[in-house]
Every structure is written in structure tokens, then in C-alpha cells.
Amino acid sequence: MIETNTLAPDFSLPDENGEFHSLEEYRGSWVLLYFYPKDDTPGCTKEACSLRDHALDYEQNDLIVVGISNDSGENHQKFISKYKLPFTLLSDEKEKVINMYGAGGALGTKRISYLIDPEGMVEKVYPKVDPENHAGEVLKDLESLR
């Protein structure tokens, strides 16, 4: 796991449309980098929809949400379309970034999130995410850190 008060490692991964994104491109904004096990499963759907429901609050606080799993871009497209998710989902099919951020596990990707400040520093680590309450917890932490 990446520790707080350290520079978040950069990476480049494809989104649901095959376009590559790097963490560096989000500098200047707060970023919630969230790792999750699988598209369209009960816990992951609860978490994604809760983050979706807080999208306006996040936008007002200059927070960009980026999800990462080992699902394909095609699966991400279906997940985004089905639940009208307003944020980017990145595919890490080889689990390189998942492992770099300590989200890899014997049973698949762990549900871990990182709140990263505009300079790219990890401000908060969420090692055990509660899918239903995570979105509100992030908003509360963001407001206290700003």
C-alpha cells in the first residue's frame, strides 16, 4: 500500500474507450483513485453508484474520481452505461498498477482508495472501503483537508 504524505506513483492505463490516462494529467485537482474487484457485482455497484450520487459535491470540491479494476474496457463501457457513471474507469488487465498500489490480492483486487492532493501527494488511504458509506466519507475528508 502507498503511504500518506508520499508522492502517488504515476501510471498510464486505458479507459473504457481505449484512451490512455496518467495520474500526472490530473495534477492541479484532487483525485480519488479507487480500486475495486469487478464491474457490475453487488459491492462494486453500490460503491460506484454512491460515488455517482456524490458527483456534484465532488465537482464543487474540485475532485476527480478515477476507478481501476482488471476488467476490460468493454466491460467498463457496459458498467458505465448501465449505471450512468460520470467518471472514468481504467483497465489494468495485467494488474501492474493494482499491485503497485497494494490493491492486489490472492482473491482478486482489493477495495482500496487513495485521496490524492493537487500536487500528487497521497493525503488519505482507505484500506478497507465500505461500499455504501465510502462516498460520504471521502467528501467529509476532502472538506476537512481543503
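The values are calculated or read from the model by the stated rules, or taken from the named source; none is laboratory data. The model shown is predicted, which means the values in this text are computed figures rather than measured ones. Cβ coordinates were reconstructed from backbone atoms using ideal geometry, including for glycine residues, and neighbour counts include every protein chain displayed. Surface accessibility is based on the protein's heavy atoms, side chains included, excluding ligands, DNA and RNA. Shrake-Rupley method; radii C 1.70, N 1.55, O 1.52, S 1.80 Å.
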Taking the condition of being assigned to a loop (DSSP other than H, G, I, E, B) and either exposed (fewer than 15 other Cβ atoms within 10 Å of the Cβ) or among the polar types (S, T, N, Q) (or both), how many residues in the range 95-107 meet it? 3
Give TYR58, TYR83 a once-over and let me know the one that is in contact with a helix residue (DSSP H, G or I) (Cβ under 8 Å, 6 or more places away or on another chain) and more than 24 Å from ALA8 (Cα to Cα). TYR83
Residues in the range 109-121 that are loosely packed, with under 15 Cβ neighbours inside 10 Å and either at pLDDT below 95 or part of a strand (DSSP E or B) (or both) total 1
Answer yes or no: is there a residue in the range 61-70 that is open to solvent by 10 Å² or more (accessible area, probe 1.4 Å), over 21 Å from THR4 (Cβ atoms) and within 15 Å of the chain's Cα centre (by Cα). yes
Here the qualifying pairs (Cβ atoms under 6 Å; residues six or more apart or on different chains; first in the range 91-105 and under 16 Å from GLY73 (Cβ atoms); second hydroxyl-bearing (Ser, Thr, Tyr) and outside any strand (DSSP E or B)) come out as SER91/SER72; ILE98/THR109
GLU143 - would you say it is assigned to a loop (DSSP other than H, G, I, E, B), closer than 20 Å to ALA55 by Cα, modelled with pLDDT under 95 and not basic (Lys, Arg)? no
Return the pairs, sorted by first residue and then second, in which the second residue is of a type outside the set (A, V, I, L, M) and modelled with pLDDT of 95 or more, the first residue lies in the range 60-80 and is at positive phi, the beta carbons are less than 9 Å apart, and the residues are 6+ apart or on different chains. ASP62/GLY28; ASP62/SER29; ASP62/TRP30; ASP62/PRO118
Does LEU56 fit the bill of being surrounded by fewer than 12 Cβ atoms within 10 Å (Cβ to Cβ), not acidic (Asp, Glu) and not in a loop (DSSP other than H, G, I, E, B)? yes
Restricting attention to the range 1-45, which residues are in a loop (DSSP other than H, G, I, E, B) and of a type in the set (S, T, N, Q)? THR4, ASN5, THR6, ASN17, SER29, THR41
Of everything in the range 71-85, what is open to solvent by 50 Å² or more (accessible area, probe 1.4 Å) and among the polar types (S, T, N, Q)? Give them in sequence order. ASN75, GLN77, SER81
If you take the residues of the range 105-146 that are among the small types (Gly, Ala, Ser) and within 14 Å of the chain's Cα centre (by Cα), which of them is nearest to ILE80 (Cα to Cα)? ALA135
Given (1) in contact with a Phe, Trp or Tyr (Cβ under 6 Å, 6 or more places away or on another chain); (2) surrounded by 18 or more Cβ atoms within 10 Å (Cβ to Cβ), index of the condition ASP40 fails: (2)
Could you say whether any residue in the range 31-50 is touching a residue at least 40 places away in the same chain (Cβ under 8 Å) and among the basic types (Lys, Arg)? yes
